[in-house]
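Q: Quick one: this structure, given as structure tokens, is what I'll be asking you about.
The values are calculated or read from the model by the stated rules, or taken from the named source; none is laboratory data. Remember, it's a predicted structure, so these values are computed and weren't measured experimentally. Every residue, glycine as well, gets a Cβ built from its backbone with ideal geometry; the counts of neighbours run over all protein chains shown. All accessible areas refer to the heavy atoms of the entire protein, side chains included, with ligands and DNA or RNA removed. Shrake-Rupley method; radii C 1.70, N 1.55, O 1.52, S 1.80 Å.
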Amino acid sequence: MTIITVYLEESDEKGDLDTGRRASRTSIRRIAATFVPSGLNPIAQPVDPYTETPCVGNQLENHVEKGSTTMKFFFVASRLALLVGLFTVLLPQLAAAGGLGMYFGDSRGDQTVKLPFGDQSFNNDRFEVGVVLDTNVARNELLNVRASLGYVYTDNTVGDKAHGGAFDLGIGAGFWRTPKFRLWAAPIVRIGVDYYDGSVVQILDLGFGGGVRFGLNWHVSPRISVSPSIAYQYLYIRETITDDFGKDQLNGSEQLITARFTFLFRDLRDVYRTRPRSRSR
């Protein structure tokens, strides 16, 4: 009995039903249909993009497992390890920091992904929570360094719900300082990771960029300060899409506006002191 294998090309311009925006694949999907001349029903099988042969039995299961589990643990773990590593390197310098605390944030982002047939834009809503270190919360000194590392949950207008993390680092200047308040501004850099694990595709977004943050430290007690802030950031996005047929990478960008509310517990040395005036001769 002779088996004839026919390769059919299927355009992915409509996107995967799982996310509603998987039209972003740059390659053409291949489906291998094996027909038996005896009149049996055709069996459609996906083609392994590495060997150019149909995936059957355990090969298909292993291929799906490779696209989901390996992608999830390797890429996400490596990116989060990078964020934790950066935070750990900064920890010794911030060991004598003025304040340590937690932040809660809400952000709105306008993201654009560059597709082969045109750009696609959508909005991201994010909730953030994490830890923050600040070298100067209340002291009567100009500069401070603020670093934060946190968890990010993303929900966007195309139905993707992602989990990830973000690391932010800023060098601020307190241009208005009193015993009760410190008003500051800081240029900031950000590294962020978002991961979406769907039944059809897995999406990994790695973002890097910067912007500016404005904040107010309010010293409500000798040891506690609260710090609301708002930031604008522009991020470059590298998006990796993986499904049963392979992996594609896309470029994009995002404009992000974030509002945060931070609680800080200050060191005993982090207090406002009036500088003595120089005596005139």
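Q: Hey, if you drop one equal point scatterer on each alpha-carbon of segment 213-255 and run the Debye formula without solvent, what base-10 log of I(q)/I(0) do you get at q = 0.16, 0.26, 0.27 Å⁻¹?
A: Values returned for q = 0.16, 0.26, 0.27 Å⁻¹ are -0.63, -0.89, -0.91.
Q: Which residues does the label zone of N251 cover in segment 170-212, counting backbone N under 19 Å from a point 7 Å along Cα→Cβ?
A: Counting backbone N atoms under 19 Å from the label point, the list is 192, 204-210.
Q: Size of the dipole of segment 192-271 about the Cα centre, Lys and Arg at +1 and Asp and Glu at -1 on the beta carbon, nothing else charged, in debye to 20?
A: For segment 192-271, the charge dipole is close to 720 debye.
Q: Could you work out the relative contact order of segment 96-183? I mean the mean sequence separation of Cα pairs under 8 Å and 6+ apart, divided by the number of residues, in percent. Walk me through the numbers on the way to the answer.
A: Numbers: 186 pairs, mean separation 21.7, N = 88.
Contact order relative to length: 25 percent.
Q: How much length is gained on full extension from V158 to V189, taking 0.36 nm per residue of separation minus their Cα-Cα distance? Don't jump to the answer; show the numbers that get you there.
A: Values: separation 31, 0.36 × 31 = 11.16 nm, distance 2.72 nm.
Going from the current span to full extension adds 8.4 nm.
Q: State the Kirkwood hydrodynamic radius of segment 176-281 in Å, one decimal place, computed from all pairs of distinct Cα atoms. Kindly include the intermediate steps, with their values, before the conclusion.
A: Numbers: mean 1/r = 0.0575 Å⁻¹.
About 17.4 Å, per the Kirkwood formula over Cα pairs.
Q: Turning to a different aspect of this structure: Once the cut-off is 24 Å, how many percent of the Cα-Cα pairs in segment 120-235 end up in the long-distance tail? Write down the numbers at each step before the final one.
A: Working: 2348 of 6670 pairs.
Considering segment 120-235, 35 percent of its Cα-Cα pairs are separated by more than 24 Å.
Q: Of the peptides 171-181, 212-222, how do they stack up when ordered by the mean number of other Cβ atoms within 10 Å, highest first? Numbers along the way, then the final one.
A: Numbers: 171-181: 14.5, 212-222: 16.3.
The peptides rank, most packed first, as 212-222, 171-181.
Q: I'd like the accessible area for T274, computed on protein heavy atoms only with a 1.4 Å probe and all protein chains in place. Round to 10 Å², please.
A: Probe radius 1.4 Å; accessible area of T274 about 110 Å².
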